[in-house]
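Novice: Mind having a look at this structure? Questions to follow.
Values in this text are rule-based calculations from the coordinates and carry no lab data. None of these values were measured; they are calculated from a predicted model.
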Amino acid sequence: MKKEIESTIHTIKTGNCSSRSGKSKLTYLIGADSASEIHFRINGNTGNGFFNNDWVPLEIILELLGKSGGAFTSYALHPLLKGKSNNTPAFLIASLLEEGIIHRSSIEKRCYEMSDVSVFMAKIKPLTESKTVIEKESKPTKKKPVTESLIPE
């Protein structure tokens with residue numbers, strides 16, 4: 001089933017950001033499936049932290065963050081990765097912060113809050129409609145990823 005999901009997602013953007021600790025640089029991919037649904041994937045880490053490189057639907061990420069009812073930490077994304085990588089939720093948070101989907105909380109230290117997701121969606125929509133596929137997604141860099149699926153069943 002994982003191969004079926006991956007084969008329907010094509011990379012529309014490659015991004016880079018610092019990890020939340022600032023100790024490494026991350027590479028992440030944004031992809032779109034055949035229904036133009038957006039997915040995120042951690043693809044590289046210059047530091048020592050392992051990560052899961054499966055595609056994660058933005059819809060599920062937003063659903064989990066929305067359940068927090070306000071400020072949240074990367075722990076809000078742990079249900080995606082039970083028994084898997086402990087680093088990936090924080091790495092996903094870093095990529096969401098870089099893309100402007102979330103922002104640092106002005107009230108709670110070391111927490112985040114949702115931004116206006118429609119701003120991100122307006123920027124990414126032309127890329128989902130483009131037929132251009134970024135081919136630089138072949139292998140994650142530096143670290144061996146966990147290969148189990150992130151999507152809870």
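Novice: Once amide H atoms are built 1.01 Å from N in the peptide plane, which residues 5 or more positions from I101, or in another chain, come under 5 Å H to H?
Specialist: Amide H to amide H, under 5 Å and 5 or more residues apart or across chains, I101 pairs with nothing.
Novice: Provide the convex hull volume over Cα atoms per residue for the range 2-129, in Å³. Could you put the intermediate results ahead of the total?
Specialist: Values: hull volume 13.4 nm³, N = 128.
In the range 2-129, the Cα hull volume divided by residue count equals 104 Å³.
Novice: Name the long-range amide H neighbours of N45: under 5 Å, sequence gap of 5 or more, or other chain; modelled H, no Pro or chain starts.
Specialist: Distant-sequence amide H within range of N45: T27, T141, K143.
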